[in-house]
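One structure below.
FYI, it's all coordinate maths here, none of it is from the lab. Remember, predicted model here, so these are calculated numbers, not experimental data. Cβ placement follows ideal geometry from the backbone for every residue including glycine, while neighbour counts extend to all protein chains displayed.
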Amino acid sequence: MRKIPYTSSSAILKVFTRDFGMASYIIRGLGKKGRKSAIAQPLTRISFTTRENQKPSVNTMSNAELVNLSNLNTDPVKGTISIFLAETLSRIIGEESADIELFDFLDTSLDYFEHSNSYLNFHLILLIKMSRLLGFGLSNNRSEHYRFFDLENGNFVRNQNSGLHVLNEQRSKAMFMLIEADDYGAEIKLGNQSRRVLLEDIVLFYTLHMEGLGQIKSLAILQEIFS
């Protein structure tokens with residue numbers, strides 16, 4: 001999820017693991033190029049060993065390998081989405097205990113992202129789907145009478161003026177299409193302007209439901225990519 005420089009040839013990697021949840025490890029022999037450099041890139045899926053059988057504070061990572069070859073860091077759009085998601089996930093996932101359901105969800109999702117050519121809405125749909133696992137999912141109760149999405153309560157309401165964070169009808173309809181998406185490859189016709197606005201709405205939704213989320217610095221960079 002995150003790399004923190006440690007020495008000239010090593011770094012501390014913040015990694016989301018299946019067994020221990022979010023944990024930090026020292027990786028040594030890290031150059032600017034090559035296999036180990038790729039291991040430290042955002043959202044890269046890796047396998048590794050460590051000497052401890054319990055969750056470490058900062059333990060040493062050994063035998064680190066890429067799970068599979070990926071184009072996340074050679075495709076500029078995928079790379080920027082990866083940076084944004086890595087920062088967002090590192091803020092959302094606490095350093096507590098293992099969350100196998102969330103880990104498996106992200107692992108399956110990233111497998112799609114790595115191999116698909118239809119990914120422009122991936123980050124939007126992932127954040128919506130993940131919110132359900134975190135306990136504050138968006139409701140799909142849209143109807144003829146409930147056409148405006150309320151970010152604060154996570155559902156559609158009758159009146160756009162019923163709250164401080166209620167979207168207009170056009171943005172609410174686009175949000176509904178994302179909520180309804182069965183998979184990441186769902187055909188949702190969105191322009192880049194709509195993607196930028198929807199991402200801001202979804203980030204605000206998370207901010208309203210997760211105390212201390214803070215400013216996501218890479219959001220502005222991702223928005224620039226879709227300008």
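In what sequence do Val58, Val166 fall when counting other Cβ within 10 Å, fewest first?
In increasing order of surrounding Cβ atoms, one gets Val58, Val166.
Once fully extended, how much extra length lies between Ser9 and Glu101, figured as 0.36 nm per residue of separation less the alpha-carbon to alpha-carbon distance?
This chain segment gains 29.7 nm when fully extended.
Ratio of alpha-carbon Rg to the 2.2 N^0.38 Å globular estimate for the stretch 116-227, to two decimals, please.
Cα Rg divided by the expected 2.2 N^0.38 Å: 1.03.
What is the dipole size for the chain, taken about its Cα centre, with +1 at each Lys and Arg Cβ and -1 at each Asp and Glu Cβ, in debye to the nearest 20?
Magnitude of the dipole: close to 820 debye.
Between [x] 1, 6, 9, 9, 7, 6, 6, 6, 6, 5, 5, 5, 4, 4, 4, 3, 3, 3, 2, 2, 2, 1, 1, 0, 0; [y] 1, 6, 14, 17, 19, 16, 11, 7, 5, 3, 1, 0, 0; [z] 1, 6, 13, 18, 16, 13, 10, 8, 6, 5, 3, 2, 0, 0, which matches P(r) over Cα pairs in 5 Å bins from 0, in percent calculated for the structure shown?
Only one option fits the structure, namely [y].
Taking the beta-carbon count within 10 Å as an exposure proxy, list Ser143, Ser118 from fewest neighbours to most.
Ser143, Ser118
Would you work out the relative contact order for the chain, in percent, from Cα pairs under 8 angstrom that are 6 or more residues apart?
16
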